Every structure is written in structure tokens, then in C-alpha cells.
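Here's the structure, in C-alpha cells; my notes come after.
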Amino acid sequence: MTPATKPLDIGQGVGLRREHFARVLAESTSVDWFEVISENFMVDGGRPLDILMRVRRDYPVVMHGVSLSIGSTDPLDTDYLERLRQLAERVEPSWVSDHLCWTGVGGHNAHDLLPMPYSEEALEHVISRVTRVQEKLGRRIALENPSSYLTFAASSLSESDFLAEVAKRADCGILLDVNNVYVSSVNHRFDPVAYLDAIPRDRVWQFHLAGHSDHGAYLLDTHDHPVADPVWNLYRHAVGRFGAVSTLVEWDAKIPEWDVLEAESLRARELRDEIVAAQPQIQTEGAS
């Protein structure tokens, strides 16, 4: 897959969560697609997998992982990759994504998305691993920018430049989490608009929107609130720069009733449609 044939825009989506299984299966919804946590369905059978396949008959699905650990120095987990490949063959997702982070070392899983040093050495390491993952899966993947709460003295690149270089040199996509950009920008005092402007247009396959918690001295990416106004404002800039990109609202804790989640997705659609209608040139501008 080259940048010219990146995945088509599939509209506005939400995460498929257990609390909404019955509602989603019972009747049609206004959302266009669903994102699933890959690891929750990497099994041979069972009710969740059955539900996923029933949903897949009616909607596009995107697989989003949390355990690839692309930045770790541990060897790539070939058993994990094989199970991920098998699930992707079964589900036929629009694309597969994970995070630009590491989740463990020495065989120990921290069950968290840990930040990386943005150095030339780390860049070469990640590019090599992404290339091998894509060869194993037989498809290109997208990597998401995580929220972060510390930086490394060894970093010689900005996060946005690091992410852009990985995408270009490993020939993969970017899952641009707008909320994470905002959270990290507050925590580390950088300009979130400049971050977006450093990302190449032709590599962005998807946006994430989510809520966060304000702890005074820092923001925490919690996915348990509605999308905050500053994140909506940053989303406006993202759509203005990147155009109509598939957008997902994440809500993973304190999960609300379906109507609340659906309304948040509809707000994203209305905002996106408004900006695209006002700036039709963003659909056809050349990449940069």
C-alpha cells in the first residue's frame, strides 16, 4: 500500500465495547464503523468473537492493538503476530493499528503504553521492527501517537518528527490521536498545532478523539469523559489540514449509555462535514 492508495475514509466510528453489544446487534446505528481492541478477540471462539463477526457483517471494522510493543528491545513476539494475522484474515478489517510505544521488557508486560526516547538509534530500531511486522502480517499498519508524562534527555527529535519519519521510512500509516496530542502538549508545553503541521498529510489514516482528566499539574488520558473543548478545537485544525479522515471517539471507562456515545460521534461528523464543506480544496491538495 503506497501513500496514494491509503485506506479510504470510512466516516465516523466508535469503539465496540461489551456494554453496547446488545444495542448494536438489536438495531441499526448512526455510526459508520467500529474499532475493536485486537487482543480481546485473538481467541479461537467464544461469545465476543461471535458478536464481532456478526457486527462485521453490517459494518466496517478496524483492529486496534495494545500489545505490539514496537519500541521494546525484546524480540518481536512471533506467536502474538501469528494470532494477530489470523484474526485479521478472519475479520478483514479496514486496517490494523497499534501504538508507537513499548509495553514491556525482559519478558515482563507492564500493561501500559510507555514512552520512547526520540533518538536516531530508536528511530532505526522502530523502522526495522515495523518493516518486519508488516511483512509478517502481509499488510501495512498504522501507528498511534501515545499520550506521555515524561520526556527523555536522550531525545534529539520531536515526537512529531519521529512519528513522521517512522511512517515515511517504514511505509506505514499514522493513527493521529488528537486528544493525545493535546494532553502531551499541555504536559510538555509544546504547540499542538505545530505538532499537527509537522505530520505528512498522506500518512494519516485515522483520527482518535477522547476525553481526559485534568489533575492540575498535568492532564491524564483517561477516556472516561466527553471530548474537551480544546480537543474539539484542535480537531478543527486537524480536519482543515488533513481533510476527511476516518474518526473514532474513544470511551473506555465510565462508559455511558449508547445514546451519549452516539451523540459524541455525531458531533464529530457534523464538525468534520462543516469544515470540509468550507474548505473543499483540502480533499485534493497535494501531500506535504
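Estimated at 0.36 nm per residue, the fully extended path between SER119 and THR78 surpasses their Cα-Cα distance by 12.2 nm. Radius of gyration over Kirkwood radius for the range 167-231, both on Cα atoms: the Rg/Rh ratio is 1.01. For the range 83-193, the convex hull drawn through the C-alpha positions has a volume of 123 cubic angstrom per residue. When you filter the GluC sites (Glu not before Pro) in the range 179-271 for DSSP loop state and at most 13 other Cβ atoms inside 10 Å of their Cβ, you are left with GLU257. Remark: relative contact order (the chain) = 18 percent; criterion is Cα-Cα distance under 8 angstrom and separation of 6 or more residues. For the pair the range 47-98 / the range 154-197, the C-alpha centres are spaced 24 Å from each other. Helical content of the chain, expressed as a calculated mean residue ellipticity at 222 nm, amounts to -12000 deg cm²/dmol (DSSP H runs of 4 or more residues, -39,500 (n - 2.57) each, divided by residue number, nearest 500). Applying a DSSP loop filter and a limit of 10 other Cβ atoms within 10 Å to the trypsin sites (Lys or Arg not before Pro) in the range 194-288 leaves LYS254.
How much length would be gained if the chain were fully extended between VAL193 and ASP112, taking 0.36 nm per residue of separation minus their Cα-Cα distance, in nm to one decimal?
26.5 nm
Looking at the range 17-280, the DSSP beta bridges with both ends there are about 20 percent antiparallel.
Shape of the range 1-138 from the C-alpha gyration tensor: prolate (a/c of 1.5 or more and a/b above b/c, with a ≥ b ≥ c the square roots of its eigenvalues). Here the range 17-280 is assigned +1 on the Cβ of each Lys and Arg and -1 on the Cβ of each Asp and Glu. Its dipole about the Cα centre then comes out at about 500 debye. Multiplying the residue separation of LEU137 and ARG85 by 0.36 nm and removing their Cα-Cα distance gives an extension gain of 18.2 nm.
All of the numbers you see were taken from the coordinates with simple rules; none came from a lab. This one's a predicted model, so the numbers in the text were calculated from it and none came from an experiment. Here Cβ is always computed from backbone atoms with ideal geometry, including for glycine, and neighbour counts include all displayed protein chains.
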